[in-house]
Amino acid sequence: MTETYRAMVCRRLGPPEVLEGAQLARRGLQPGEVRVAIRAAGVNFPDLLQVAGEYQHKPPLPFVPGLEAAGEIVETAADVSGYKPGDAVILRLRGGAYAEEAVVKAATLLRKPEDWSFEEAAAFPVGAVTAWTALVYRGRLQPGETLLVLGAGGGTGLAAVSLGASLGARVIAVASSAEKRAIAQSAGAGLSLDPAQPDWWQDVRADVVFDPVGGALFETAFRALAPGGRWLVVGFAGGAAPSPPANRLLLREAELIGVRAGEQGRRDPAAGAEQEKALREWLISSPSIGGPSVGSQGRPRLGAVYQLDQAGAALRRMAERQAIGKIVLRVG
Ligand SMILES: NC(=O)c1ccc[n+]([C@@H]2O[C@H](COP(=O)([O-])OP(=O)(O)OC[C@H]3O[C@@H](n4cnc5c(N)ncnc54)[C@H](OP(=O)(O)O)[C@@H]3O)[C@@H](O)[C@H]2O)c1
């Protein structure tokens, strides 16, 4: 084993192109840890914001971006049981996925279903956790309700379409291109709408809205919220965070609900445990890892695969609104 590994490093904040390849020194394992040879890393909008210095969590420079990955265990600490070298796993990270390897606590790993590629597995956790937190934990989505998903052709949007459909909601997808709308329909949306069409919202009465876009779309999409509806504030890919006048909430008896994926485990351990259960036994349930078979609802849909060294180009594609489904970096 060499003493260094390759990673894409952010040494100064700026556009995606500031990322550069570097050899980093390998560190030893602490109790409970495993070393994973990363085979693929998921690319997410928060990575873009972090490299630009615009994300709420600001790691000190230099840092390696990347919140999710999949790979094979190459080494385990002496006290680790249940995992061994060669096991294929999914990693959830607070950074560091854009690299050839990562050291993580074994307790944070998920097993990769045998019938998923490493690229699919790497693209799973962020979308799944965000969709679960938004729709189940914060949004209380019920079977038979109408769910409107904005940015439905993107990473979190598609995961919400998929999970919403598997929860029995009637899912309506909103996305700016025919290709994005088609992938949203293939993920489970019964109807898809083009927000560039005048009055596209006219016939929609959504009980729940999943909104990772914000910006100008909020203004029109809010008209589609049914009385008593729940608006899930997920992100602001479209730019500004909207400031809805409180009287509009009052008139509609609507709820505006903030969503922070991953936070509930720290604040509310019972909800964290519930989320873990959903991820392990339900969303990625697969006969290959002994879970009940619920089909491929949680399986990410990949839009583009780049090599690790092309991480800047992958983030550029996302910044230019060209990401359809998930973008993944292939490592090695
Ligand atoms: N709250 C949480 O816990 C949480 C977790 C993960 C991500 N997020 C946030 O959610 C947002 C979306 O993340 P994502 O991974 O779904 O991103 P994504 O895959 O890039 O999708 C974002 C969608 O936003 C729409 N959009 C509108 N204007 C855009 C612009 N100027 N640039 C880029 N996209 C634009 C696009 O849909 P159309 O082309 O159809 O308009 C795009 O498909 C980000 O703000 C991210 O930080 C929040």
What are the semi-axes of the equivalent ellipsoid for the stretch 127-258, taken as the square roots of 5 times the Cα gyration tensor eigenvalues, largest first, in whole Å? 19, 17, 14
Among Glu179, Glu68, which comes first, second and so on when ranked by fewest other beta-carbon atoms within 10 Å? Glu179, Glu68
If each part is reduced to its alpha-carbon centroid, the stretch 139-180 and the stretch 1-74 end up apart, in Å, by 30
Kindly rank 145-158, 193-206, 102-115 from highest to lowest mean number of other beta carbons found within 10 Å of each residue. 145-158, 102-115, 193-206
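For the chain, what is the calculated [θ] at 222 nm in deg cm²/dmol (nearest 500), taking -39500 (n - 2.57) for each run of four or more DSSP H residues and dividing by its residue count? Before the final figure, lay out the partial values.
On the way: 10 runs with 79 residues, N = 332.
For the chain, the value works out to -6500 deg cm²/dmol.
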Rotationally averaged projected area of the stretch 41-173 (alpha carbon convex hull; nm²): 9.7
Mind jotting down the three principal axis lengths of the stretch 226-271 based on Cα atoms? Whole angstrom, largest first. 35, 26, 15
Over the stretch 127-258, what relative contact order in percent results from Cα pairs under 8 Å that are six or more residues apart? 22
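What is the percent of Cα-Cα separations in the stretch 187-234 that go past 16 Å? Working shown, then result.
On the way: 425 of 1128 pairs.
Result for the distance tail: 38 percent.
Test of understanding: ordering Asp211, Asp79 by Cβ neighbours within 10 Å, fewest first, what list do you get? Could you put the intermediate results ahead of the total?
Working: Asp211 30, Asp79 11.
Placing the least packed residue first, the sequence is Asp79, Asp211.
Let me spell out the model: positive unit charges on the Cβ of Lys and Arg, negative unit charges on the Cβ of Asp and Glu, origin at the Cα centre of the stretch 127-258. What dipole size does that give, in debye rounded to 20? Provide the component values of the computation, followed by the final result.
Working: 10 positive and 10 negative charges, 39 e Å.
For the stretch 127-258, the charge dipole is close to 180 debye.
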Computed over the Cα atoms of the chain, the Rg and Dmax in Å are 19.7, 64
Glu179 neighbourhood, Cβ < 13 Å, K/R = +1, D/E = -1, net charge +3
Taking placed amide H atoms and a strict 5 Å upper bound, the residues 5 or more places from Glu33 or on another chain that come that close are Ala77, Ala106
Contact order relative to length of the chain, as percent, for alpha carbon pairs under 8 angstrom and 6 or more apart: 18
Here the stretch 103-110 yields Karplus 3J(HN,Hα) values (6.51, -1.76, 1.60; θ = phi - 60°; whole Hz; Gly and Pro given as x) of 10, 9, 5, 4, 5, 8, 6, 10
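A short reminder: the numbers here are calculations on the coordinates, not readings from a lab. Predicted, not measured: the structure shown is a model, and the values here were computed from it. No Cβ is skipped: glycine too gets one built from the backbone with ideal geometry, and neighbour counts run over all protein chains shown.
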